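The next block holds one structure in the form of structure tokens; read it before the comments.
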Amino acid sequence: MPKVNFGGQSYDCKDKSVLDCLTAQGVAIPSSCHSGICQTCMLRAVGGNVPPKAQEGLKPTLIDQNYFLACSCYPEEDIEVVLPNDALTRVRATVSSIELLAGDIIGIKIQPSQTFDYRAGQFINFYKDETTSRSYSLASVPALNEDIFLHVRKVPDGLVSNWIFNNLQVNDIVSISMAVGNCFYVPGKPEQDILLIGTGSGLAPLYGIARDALYNKHKGKIRLYHGAYNTAGLYLAEELRKLEEANSNFSYIPCISEGPAVNGFAKGMVLDVALADNPDLAGWRVFLCGNPAMVTSAKTQTFLAGAATRDIFADPF
């Protein structure tokens with residue numbers, strides 16, 4: 001008889017879904033439709049195999065992290081499950097370098113004190129103290145970088161970003177969470193075209209995702225659009241142009257929304273430029289990162305341009 005292990009307890013799960021098994025034992029699991037549609041009852045397996053039916057309708061990034069729908073999961077063997085956010089364990093790390101990337105953005109490299117599993121484009125929580133933290137996306141690629149790399153934008157009156165800018169030093173010991181998030185590249189469909197649109201420090205996850213896709217020998221077009229008010233807000237341009245020169249399927253299009261046109265830069269709002277260049281997104285994979293208003297609008301407009309909902313990944317901040 002298969003068992004479900006949750007919270008240090010083991011429960012028999014014969015002929016029951018994981019959701020019914022746990023709720024029958026008084027375990028509070030969020031749920032709503034009980035039919036695999038609303039995805040409210042999503043859990044994550046950390047041991048055992050998840051039946052494929054329990055992952056139907058989930059995005060590939062969720063499947064890749066062993067998330068599943070408890071109401072649709074009828075285990076055939078013992079399975080250990082946790083709530084979706086149980087990955088946020090704190091880890092100590094050492095700051096290995098700090099560099100100014102743009103006027104209000106710095107790049108921080110940190111070395112975790114233990115094995116640190118992540119995917120380029122996910123995010124971590126960076127703690128100022130026991131109760132104050134902010135989320136920052138990962139620009140590094142596990143296979144290419146020894147340290148993990150963050151882009152931190154200085155926010156006016158920001159408790160964490162101002163502390164990072166004014167106080168953080170190389171060799172400081174900091175506390176971070178394990179990596180979470182669903183905005184990352186999943187190998188497979190190597191011929192699928194990829195569109196990446198970001199503003200400001202939203203470049204961080206896109207920079208990681210693009211390099212990860214190229215490392216995995218993705219063959220489809222990879223087009224990265226990065227937007228800012230003016231050229232001062234665009235950073236890593238030299239690195240991205242070198243990446244473009246080295247990979248015929250990768251394109252980097254920096255966009256400025258204010259002031260006169262500048263040679264080598266597209267003029268206009270980054271979303272408008274990207275959609276004008278790529279009006280038909282049927283079959284594309286889309287990643288959207290940065291300003292929440294842009295990301296919200298882009299989710300709708302890229303869907304209307306033909307991208308499937310399951311192929312649109314967003315990280316607003």
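What residue, of Ala54, Ala45, is assigned to a strand (DSSP E or B), of a type outside the set (S, T, N, Q) and not assigned by TED's automatic domain parsing to the domain that holds Asp311?
After applying the criteria, what remains is Ala45.
Restricting to the range 58-82, what's the tally of residues that are charged (D, E, K, R) and in a helix (DSSP H, G or I)?
Qualifying residue count for the region: 1.
So which residues in the range 190-222 are touching a residue at least 60 places away in the same chain (Cβ under 8 Å) and among the acidic types (Asp, Glu)?
The answer is Asp193, Asp212.
Criterion first (within 14 Å of the chain's Cα centre (by Cα) and β-branched (Val, Ile, Thr)) does Val174 satisfy it?
No; evaluated as a whole, the condition is false for this residue.
Listed residues Lys16, Lys59; which is touching a residue at least 60 places away in the same chain (Cβ under 8 Å) and of a type in the set (D, E, K, R)?
None of the other options fit; the residue is Lys59.
Which condition number in (1) loosely packed, with under 15 Cβ neighbours inside 10 Å; (2) closer than 23 Å to Lys267 by Cβ; (3) under 19 Å from the mean Cα position of the chain (by Cα) is the one that Gly188 fails?
Going through (1) loosely packed, with under 15 Cβ neighbours inside 10 Å; (2) closer than 23 Å to Lys267 by Cβ; (3) under 19 Å from the mean Cα position of the chain (by Cα) one by one, Gly188 breaks only (2).
Failed condition for Arg211, given (1) buried (at least 22 other Cβ atoms within 10 Å of the Cβ); (2) in contact with a strand residue (DSSP E or B) (Cβ under 9 Å, 6 or more places away or on another chain), with all others met?
(2)
Tally time: how many residues in the range 1-45 are modelled with pLDDT under 90, closer than 29 Å to Ala308 by Cα and out of contact with any Leu (no Cβ under 8 Å at 6 or more places or on another chain)?
7
Could you please let me know if Asp272 is surrounded by 12 or more Cβ atoms within 10 Å (Cβ to Cβ), closer than 30 Å to Glu191 by Cβ, of a type in the set (D, E, K, R) and in contact (Cβ under 8 Å) with a residue 12 or more places away in the chain?
no
Within the range 11-65, how many residues turn out to be among the acidic types (Asp, Glu) and closer than 30 Å to Tyr118 by Cβ?
2
If Phe184 passes every condition in (1) among the aromatic types (Phe, Trp, Tyr); (2) under 19 Å from Pro112 (Cβ atoms); (3) outside any loop (DSSP other than H, G, I, E, B) but one, which one does it miss?
(3)
If Leu203 satisfies every condition in (1) part of a helix (DSSP H, G or I); (2) more than 27 Å from Phe149 (Cα to Cα); (3) out of contact with any Leu (no Cβ under 6 Å at 6 or more places or on another chain) but one, which is the exception?
(2)
The values are calculated or read from the model by the stated rules, or taken from the named source; none is laboratory data. Given the structure is predicted, the values throughout are model-derived calculations rather than measurements. Reconstructed Cβ throughout: ideal geometry from the backbone, glycine too, with neighbour counts over all protein chains shown.
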